[in-house]
1. Filter Lys133/Lys411; Lys256/Lys405; Lys97/Lys239; Lys133/Lys289 down to the pairs with a C-alpha to C-alpha distance above 23 Å, please.
2. Explain nothing, just the number: dipole magnitude of segment 40-127 about its Cα centre with +1 on each Lys and Arg Cβ and -1 on each Asp and Glu Cβ, in debye rounded to the nearest 20.
3. Over the chain, average the accessible area per residue using a 1.4 Å probe and give it in Å², no decimals.
4. Setting aside same-chain residues fewer than 8 positions from Lys203, which aspartates and glutamates have a Cα under 16 Å from its Cα?
5. Please work out the FRET efficiency for the pair Lys190 and Leu284, using the Cβ-Cβ distance as r and a Förster radius of 56 Å; give the result to the nearest 0.05.
6. In whole Å, largest first, what are the principal axis extents of the Cα atoms in segment 102-176?
7. Quote the charge dipole size of the chain about the Cα centre in Debye, to the nearest 20; the model charges only the Cβ of Lys and Arg (+1) and of Asp and Glu (-1).
8. Hey, any idea what the orientation-averaged projected area of the convex hull of the chain's Cα atoms comes to, in nm²?
Amino acid sequence: MTETLLAVPPVVNDVFASVVARNPHEPEFQQAVHEVLVSIAPVLEAHPEFVESGIVERLVEPERQIIFRVPWVDDAGRLHVNRGFRVQFSSVLGPYKGGLRFHPSVNLSIVKFLGFEQIFKNALTGQGIGGGKGGSDFDPHGRSDAEIMRFCQSFMNELYRHLGEHTDVPAGDIGVGAREIGYLFGQYRKITNRHESGMFTGKGVQWGGAEVRTEATGYGAVFFAEEMLAVRGESLEGKRIAVSGSGNVAIYAIAKAWQLGALPVTASDSSGYIVDDAGIDVDLLRQLKEVERVRISEYAARRSSARFVEGARPWEVAVDIALPSATQNELDIDDATALIANGVRAVAEGANMPTTPGAVAAFQDAGVLFGPGKAANAGGVATSALEMSQNASRQRWSFDDSEAKLRQIMKNVHDSAFDAAARYGYAGDYVVGANSAGFERVAHAMLAQGVI
Ligand code: GLU
């Protein structure tokens, strides 16, 4: 990510060069910054006041970064020390908001790329939420419930002092689901002696959680794909869909694809993918991944219409729509070339930055509709903001009402990105559109609030 940028205001090249120099060992963070800086060049041309007040220089530097030790003892009495992170990127639009990821690949670069993306994603939802992200290099796989609980408690023993419903509101991400959120929330309550519902989202619906939060990211990605297709006069009806991943996002993307008349045929994990021409059985997938927590090959062992392909990704399967919903950089230029050759019509990112820059360019050059994660997966965090609203007002909204709100938010997110792209002369480019619309909102707020 060191190539020179062309045809952009000098500030873009200067800021990117300084980001590379100051953060030399953070390739994912550099990748995320590069994409945003290139996309917002037309906004900076149109708004010299953003350049003069150093908006971009300030945005690429997190407001605060917290790195801490997380010691814990396993069931056999052995001591482990993990590293914990919380990067509080921007609070200009609201409290820092973004998930926690527990995965061995987590490092400062990963947390910063996620936190940086979150600023613009959250702005694009139109809600009052800033951007942040956190997590740990802890690997929950194969750990007992008691070990998970002890880890979460140790993690919160440090992080609690930096959180609060008006300060910083975490949620889940990879490796952090209902179980972990329960333990993390419980420890916060114990330490602070406050039942502060709005300090965490993704809570269980019995104790302050919002209906549809669990489903929201996956549902939202499918709604976003539906909106993109509608612009071209197409629908999801009868479309074959490849989904990667088998976590929360993938499962509910598959479920919503079925409901809207499409045929989802794949799912994956780090060992390989399954293809099921009869369509993915959501109940079986949930049972295997959320209850039994086993490898995806087990799906093919239990269902005759499916086969397991070891060590590969689902992008070699012929489909109309691809929903990468696993993790960053999981769909590269070769995958994009294969999807395009097989006639893919639309790609919507359920995960954060799953498509490499070369693959994004290949889709756009081929005229494939491409919905970047900042827009396409914004339904999760948008529903988190709905959870915060319900907590603040001590209300509970029904599932149907909440889903209708999510549906409307995804339409607004789509339209904001679509309109911004057209305004800046990049009609149909949702990457430029999402970044520009999100950035505009953040930049205006930063300008109004002074040099902070
Ligand atoms: N981790 C999710 C994301 O990437 C959700 C964050 C949240 O709900 O705060 O947007």
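The values are calculated or read from the model by the stated rules, or taken from the named source; none is laboratory data. Keep in mind it's a predicted model, so treat the numbers as computed, not measured. Ideal geometry is used to build each Cβ from the backbone, glycine not excepted, and the neighbour counts take in all protein chains shown. Note: accessible area is taken over every heavy atom of the protein model, side chains too, but ligands, DNA and RNA are not part of it. Shrake-Rupley method; radii C 1.70, N 1.55, O 1.52, S 1.80 Å.
1. Working: Lys133/Lys411 25 Å; Lys256/Lys405 16 Å; Lys97/Lys239 34 Å; Lys133/Lys289 25 Å.
Too far apart for the 23 Å limit: Lys133/Lys411; Lys97/Lys239; Lys133/Lys289.
2. Working: 10 positive and 9 negative charges, 104 e Å.
The dipole of segment 40-127 has a size of about 500 debye.
3. Details: 17430 Å² over 452 residues.
Per residue, the chain has an accessible area of 39 Å².
4. Once the sequence-local aspartates and glutamates are set aside, what remains near Lys203 is Glu165, Asp168, Asp173, Glu180, Glu211, Glu215, Glu387.
5. Numbers: r = 38 Å, r/R0 = 0.67.
The formula returns an efficiency of 0.90 here.
6. Rounded to whole Å, the extents work out to 40, 25, 18 Å.
7. Details: 42 positive and 55 negative charges, 280 e Å.
About 1340 debye.
8. On the way: hull surface 82.3 nm².
Spelled out: convex hull of the Cα atoms, projected over all directions, averaged, 20.6 nm².
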